[in-house]
Every structure is written in structure tokens, then in C-alpha cells.
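Enquirer: My structure is below; once you've seen it, I'll send some questions.
Any read-out appearing in this document is the output of simple, stated calculations on the displayed coordinates, not a laboratory observation. Just so we're clear, the structure is a prediction, and the values are computed from it rather than from any experiment. Neighbour counts run over all protein chains shown; Cβ positions are idealised from the backbone, glycine included.
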Amino acid sequence: MTIAVIGIGLIGGSLTVDLRKRGYTDKIIGVDTNIHHQNIALLCGLVDENDTLDNAIDKSDLIILSTPVNTNCIMLPGILDRIAGTSKVVTDMGSTKASIAMASKNHPGRGRYVAVHPMAGTEYSGPLAAIGKLFDYKTAIICDRELSDPDALNRVENMLDLLNMHKVYMNSSEHDVHVAYISHISHITSFSLALCVLEKEQEEQNILTLAGGGFESTVRLAKSNGETWAPIFLENAQYILEVMDTFVEKMDSFRKMISDKDINGLKALMEEANKIRKILN
């Protein structure tokens, strides 16, 4: 099978590593607007060749969209136009789904598209960030599977099985609500804390010198690429804003308890938060 990976960054590049090693594909074609990324992908063996989007689509059996979510939405209808009447399949790796679902909803070739979100990643970006086994034992969310042709769905499910991913199915709107709570707000709070500390660091040079493991783990996501995450925040704005309102309420509760020196109230809040152990363990 020949696959085209559109966007050779962390996700796209990591996919190529394992799909090649595990025998899913015998040829990988890369498409990327960044010439530097193209060269690195070729030199590192992530792709066998680089080509234009149209040529890559024509040569491939499976097209994987791994560009920023707003770009995925723009590109998908044109790809579906080009593969009309063929057995080709297109899937995306984006972390928002409602917008791309709307972009493809009324397309006559909608059945050739399978919407996927692999819940995997690191704070790094670009082809040099690509690593093997990134997806092993992580969750892959497949959205609106009833809208995909059975053979298209089967092809993508086989790929996810080869990557050792646990498959979960839901609709696009459900997906965007859930990821706003479990993924997107984590990035926003990490970016915000980093900005807060950097502002203070301008006044007190020792603050980062004193930072320990707890701080590093909390702000790790602040190293994530803005080119990737700004479109995600905007595409999922409705649900992210709801989560942020709730988060601000909880911060205000902590602020009030601390201001009032209410130790019992603080303990109660933290004990309530400790219930997350039952979910994460």
C-alpha cells in the first residue's frame, strides 16, 4: 500500500516511522509546504519521496491529513473531489472534529473519509520530533463512523490496530466537548502559567532557578507549537470557553479560601479534587 502523509511533523512523521516498520506500507509520499521539513523527512527516512499534493493523492491508496486543524478543513473537500470514483481513502489526525465534519457533511464522497483523533503527542514539533511507538496503547477516537464507507473504515481501523491503539467511537460534537476538558484546557493553563512565571522572572531572576519537577511537569505543554494550537483553540472555541469559565470559577474558589484563611474550605476543595485519582489510576 502507498500512503501520502500531508504534513510531516510530530504526528505525521511518527506515523510514518511505525507504519513502515510494521509493514503497513511499502511506500510513503510526503507533502509539506515547508521545504526544510521536506528535506529532513527525506534525509531521516520518514518518507520515500516528496511531491505535490495532487501528485501524492494520485499515487496513493491512503491519504493522511496531519496539518493544523483549520488547514485540514480547507483541504478535505478538494481531496474528496480528486479521489471521487476510486477506492482511495482519506483520514485526518486533527484534534477538533465538528468543523471538519461540517466541511465534509454534504460532500458526495463523504464515505471515503474517516475522521480520527489519536490521543498521543509530545510538546515538540516538526519532523525531528517524530518518534517510534508514539501511538502504542494510546486511544484513537473515530468520529461519525456511520458516515464512512465500510471498506474505508476498515482500512483505517486496521492501521490503528497495527499502531496498537485502543479505538473509541463517538460523534464529532461529543468529541470536541470531551477534548476541551481533557486536552485543550490543559494546554491553555500551561501556556498561562508559563506567561505568569516569565513575567515574574523579569523582576526576580532566581524564580526559574528554583523551579522543580512539579513546575516542569505543569508547564511542559507550554513548549507546544503555536502554529498547531492556536487553530485548535479557535476551532473549538465554543467548548473551550465553557471549560475556561468553569476553571476560572474554581480558581476564584481557591482565591477566596486563601484570602479568607479558610483552611477547612481549602482542604475540602483539594479532597474533592483528589477524586480524580479514581479515574487516572
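Enquirer: Rounded if a/c is under 1.5, else prolate if a/b is larger than b/c, else oblate: which is the range 81-123, with a ≥ b ≥ c the root eigenvalues of its Cα gyration tensor? Before the final figure, lay out each step's value.
Expert: Details: a/c = 3.49, a/b = 1.77, b/c = 1.98.
In terms of gyration-tensor shape, oblate.
Enquirer: Between K27 and D61, what is the label-point separation in nm under the 7 Å Cα-to-beta-carbon projection?
Expert: Distance between label points: 1.2 nm.
Enquirer: Check every DSSP H run in the chain and write down those whose alpha carbon atoms cover 30 angstrom or more along the long axis and whose mean Kyte-Doolittle hydropathy is -0.5 or greater.
Expert: Those that pass (Cα extent of 30 Å or more, hydropathy at least -0.5) are 237-259.
Enquirer: Please give the FRET efficiency for S253 paired with M102, using the beta carbon to beta carbon distance and R0 = 35 Å, rounded to the nearest 0.05. Provide the component values of the computation, followed by the final result.
Expert: Working: r = 36 Å, r/R0 = 1.04.
Calculated value: 0.45.
Enquirer: FRET efficiency for T86 and R220, Cβ-Cβ distance as r, R0 = 41 Å, nearest 0.05?
Expert: On the way: r = 42 Å, r/R0 = 1.03.
The formula returns an efficiency of 0.45 here.
Enquirer: Measure off 7 Å from each Cα along the Cα-to-Cβ vector at T122 and K138, then give the distance between these two points in nanometres to one decimal.
Expert: Using points 7 Å along Cα→Cβ, the separation is 1.1 nm.
Enquirer: Further question on the same structure: Rounded to the nearest 5, what % of the DSSP beta bridges within the chain are antiparallel ones? Mind dumping the intermediate values first?
Expert: Details: 4 of 27 bridges.
Counting DSSP beta bridges with both partners in the chain, the antiparallel share is about 15 percent.
Enquirer: What order do you get for 82-92, 260-270, 7-17 when each peptide is scored by the mean count of other beta carbon atoms within 10 Å, highest first? Let's see the in-between values first.
Expert: On the way: 82-92: 18.4, 260-270: 11.8, 7-17: 25.9.
Most protected by this proxy first, the peptides run 7-17, 82-92, 260-270.
Enquirer: Could you tell me which of V47, P108, T96 has its Cα farthest along the dipole of the range 1-131 towards the positive end, charges placed at Cβ (Lys, Arg +1; Asp, Glu -1), taken about the Cα centre?
Expert: P108
Enquirer: Okay, next question. Pull out the extension gain between T209 and D149, defined as 0.36 nm times the separation in residues minus the alpha carbon to alpha carbon distance; nm, one decimal.
Expert: Numbers: separation 60, 0.36 × 60 = 21.60 nm, distance 5.52 nm.
Additional length available on full extension: 16.1 nm.
Enquirer: Between A237 and Y169, what length comes free when the chain is fully extended (0.36 nm per residue of separation minus the Cα-Cα distance, one decimal in nm)? Before the final figure, lay out each step's value.
Expert: On the way: separation 68, 0.36 × 68 = 24.48 nm, distance 2.24 nm.
Between A237 and Y169, full extension yields 22.2 nm more.
Enquirer: Using 0.36 nm per residue, how much length does the chain from C196 to N39 gain when fully extended, once their Cα-Cα distance is taken away? All intermediate terms of the calculation are to be shown ahead of the outcome.
Expert: Numbers: separation 157, 0.36 × 157 = 56.52 nm, distance 3.72 nm.
Using 0.36 nm per residue and subtracting the Cα-Cα distance, I get 52.8 nm.
Enquirer: Please grab the % of Cα pairs in the chain that end up more than 26 Å from each other.
Expert: Within the chain, distances greater than 26 Å cover 48 percent of Cα pairs.
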